[in-house]
Amino acid sequence: MIHVYRFEATNPLTPPTFLSEYRKAKILGASENYTIQSVWTELLLIYALSKHQEVTLPLNIKTTKNGKPYLDNGVNFSVTHSNPIYMIAVSEHEVGIDMEIIGENNEKLAKRFMSDKEYQTYKELNDTNKPYYLYQLWTAKEALIKMIGGSVTMDMKLIDTDLQLGRMTYNDEVYLLKQHMNERYVMSLVSKKTVDYTWHDVTETSLLDIY
């Protein structure tokens, strides 16, 4: 079972003193908005992890050579945010999550990351459905890249995605996909073991209590 912790921010905040070195490096010289997003992300991560194990602050977040964050204790996590919504997936298996606020149709983006087959399907949709299909595919592929720790130079066209079957294929490996979509956003979960998940809505007060 994958646990997805969901939070919607309403207020800015200043960085606490217990930020991980990983997070401090990410916000060094960053804009105020990015800093706020990074802080909320770390607070939500601390909260989510604390529901599954004892947490010592600051978190000792390490990264692979491609920049994938991880912890040594075996707990797998993946983070995503599309302001003002933040989500973190926690699982005993490797997992990837991505979420995007549904915006306008973007044909240039579609051409850049869709396979020929996917782009043909996209072209056949009406203008109302094109953005939904685009963000379904985009978040699915981003979630897979996060899970395997792929680099930003990966050719997303090589990821074959079957939205109806909930299956993805890359480098002859098969991955499971589950999505949640409403009028605001699309969320994609990818794993090789299971994509069954449960929601945990987190309040701002719960995160501020970590201070």
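Values quoted throughout were computed directly from the atomic coordinates according to the rules given, and no laboratory measurement underlies them. On a predicted model such as this, the values are computed, not experimentally measured, just so you know. Reconstructed Cβ throughout: ideal geometry from the backbone, glycine too, with neighbour counts over all protein chains shown.
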Point to revise | Full-extension gain in nm, residue 183 to residue 65, via 0.36 nm per residue minus C-alpha separation | key: 38.8 nm
Check your understanding: By counting other Cβ atoms within 10 Å of each Cβ, how are 151, 82, 188 ranked from fewest to most?
Key -> 151, 82, 188
Check your understanding: For Rg and Dmax of the Cα atoms in Å, the choices are [x] 16.5, 54; [y] 17.3, 52; [z] 16.3, 48; which was calculated from the structure?
Key -> [y]
**Study point:** Distance from the stretch 171-194 to the stretch 8-69 (C-alpha centre basis), Å
**Key:** 24
**Study point:** Sorted largest first, extent of the stretch 93-211 alpha carbons per principal axis (Å)
**Key:** 49, 33, 27
Review point. Aspartates and glutamates within cross-link reach of residue 24: Cα-Cα under 15 Å, excluding same-chain residues under 8 positions apart?
Key: 32, 42
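Over 20 Å between Cα atoms: which of 146/192; 157/193; 26/65; 26/157 fall into that group?
Those over the limit are 157/193; 26/157.
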